[in-house]
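Please treat every number below as a calculation from the coordinates, not as lab data. All figures in this text were calculated on a predicted structure; none of them were measured in a lab. Positions of Cβ are generated from backbone atoms using ideal geometry, with glycine treated the same way; all protein chains shown enter the neighbour counts.
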Amino acid sequence: MNKKTSEQRPVFPFTSIVGQEEMKLSLILNVIDPKIGGVMIMGERGTGKSTIVRALVDLLPPITVVEGDPYNSDPYNPELMSDDVLEKINNKQELSIIKVKTPMVDLPLGATEDRVCGTIDIEKAISEGKKAFEPGLLAQANRGILYVDEVNLLDDHLVDVLLDSAASGWNTVEREGISICHPARFILIGSGNPEEGELRPQLLDRFGMHAQIKTLKEPNLRVKIVQQRELFEKNPKEFIEKYKEEQIKLTNKIINARELLKTINIKYELLEKISQICSSLNVDGLRGDMVTSRAAKALAAFENRTEVTPKDIYTIITLCLRHRLRKDPLDDIDNGLKVQECFKKVFSY
């Protein structure tokens, strides 16, 4: 059935997407190192935000799961297992192991907390003495991607729940003295239109990276995008086949970068300069320092190097810090430019 569905709904190839380099880089770095903390994508309507996110999932290698488990449990990692799977392993029960496509879950704007987190059937729990739990979207998203379009229109409390789960890797549901906990480790990707309002700074700060996308102005690039879309809609199979080699190359590059990530080194003086920039820009807390370091390492791994360079930091630092700066309504300088200016000053770049 999965195969049939994927044949019915062809996905626009990631490598065929024109422009929006900032967004593409942010997404790739997060799939290399999910601990970066997700991406918030802000841009006008019709800039291809959803298309790019859906195209990303098609690049990702399949994951190994326990068949029939609603949490996509990893059969080899207790941190990514449900209690049921852990119990079976402890009881030396044999597990049926299969490979599946990396999950991507779309969170609808009107979703309730129960739909997101899951529900406990109190009556069944009391009458049968079992923890009757109906998993929600966070369970489905475990080890995959959770995409929230128009996240800035979502209830703040729900955004908080998503960010908490994304940061801790666990989802806890408590009802009437009954508590259920399951793994919920996913990459959170939110997108929104700035015209409809920004997220509260406290929530925005908890996204690892912030990509801004704008409608392309160059007529030749706009024409190319229109042509690409027309070719895809006319003959999706042929269009996908045309980019197959590039897609495989990029997938292998991501797999290699994930392995290489463990060996990446970042010199102390570079870490010190990152902290100097964060301090100069009055960035609250240490999240900005940590995310910048992680993203720079992921970029070095993606480019098949084991050492972080100042250029790596320059490439990603705006994406990691621009949303953490306090907004001054009287300031006419874009926060991204502020970050770049501060970098150049500290690094004498």
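By how many nm would the segment from K344 to N282 lengthen if fully extended, with 0.36 nm per residue of separation less the alpha-carbon distance?
Working: separation 62, 0.36 × 62 = 22.32 nm, distance 1.67 nm.
20.7 nm is the gain from fully extending K344 to N282.
Run down the aspartates and glutamates and flag those whose C-alpha is under 16 Å from the C-alpha of K267, throwing out any fewer than 8 positions away in its chain.
D289, E307, D312
List the extent of the Cα atoms of segment 136-189 along each of their three principal axes, largest first, rounded to whole Å.
34, 24, 17
Kindly express, to the nearest 10 degrees and within the range 0 to 90, the angle between helix 21-32's C-alpha long axis and the longest C-alpha principal axis of the chain.
That helix lies at roughly 40 degrees to the long axis.
Using 7 Å Cα-to-Cβ label points, what is the D160/K217 separation (nm, one decimal)?
Going by the 7 Å Cα→Cβ label model, 4.1 nm.
Enter the angle in degrees (range 0 to 90, nearest 10) between the Cα long axis of helix 156-168 and the first principal axis of the Cα atoms of the chain, meaning the one along which they spread out most.
80
Simple spin-label model, 7 Å along Cα-to-Cβ: I225 to K99 in nm?
3.5
Just tell me which aspartates and glutamates come within less than 18 Å, Cα to Cα, of K237; anything on the same chain fewer than 8 places away is out.
Reachable aspartates and glutamates: E7, D58, E245, E246.
Amide H to amide H, which residues 5 or more places from I41 or on other chains are under 5 Å from it, using H placed in the peptide plane?
Amide H neighbours of I41: G190, S191, G192, A211.
Tell me the relative contact order for the chain as a rounded percent, counting alpha carbon contacts under 8 Å between residues six or more apart.
Numbers: 567 pairs, mean separation 74.6, N = 349.
Taking the mean separation of contacting Cα pairs over the length of the chain, I get 21 percent.
What are the residues whose amide H is under 5 Å from the amide H of G118, where those residues sit 5 or more places off or on another chain and H is modelled from the backbone?
Close amide H contacts, sequence-distant or interchain: G136, L137.
Using each residue's phi in segment 288-295, evaluate 6.51 cos²θ - 1.76 cosθ + 1.60 at θ = phi - 60° and report the 3J(HN,Hα) Karplus result to the nearest Hz, with x for Gly and Pro.
x, 4, 5, 5, 4, 4, 4, 5
Can you work out the Karplus-derived ³J(HN,Hα) for every residue in segment 241-253? Use 6.51 cos²θ - 1.76 cosθ + 1.60 with θ = phi - 60°, whole Hz, and x for glycine or proline.
For segment 241-253, the Karplus curve yields 4, 4, 9, 4, 5, 5, 4, 4, 4, 5, 4, 5, 5 Hz.
Hey, how much of the P(r) for segment 264-347 falls beyond 20 Å, as a percent of Cα pairs? If you can, show how the numbers build up before the last one.
Working: 991 of 3486 pairs.
The calculated P(r) of segment 264-347 puts 28 percent of pairs beyond 20 Å.
Give me a comma-separated list of calculated 3J(HN,Hα) values for segment 307-313, in order, Karplus coefficients 6.51, -1.76, 1.60 applied at θ = phi - 60°, integers in Hz, x for any Gly or Pro.
The phi angles translate into 10, 7, 10, x, 5, 4, 5 Hz.
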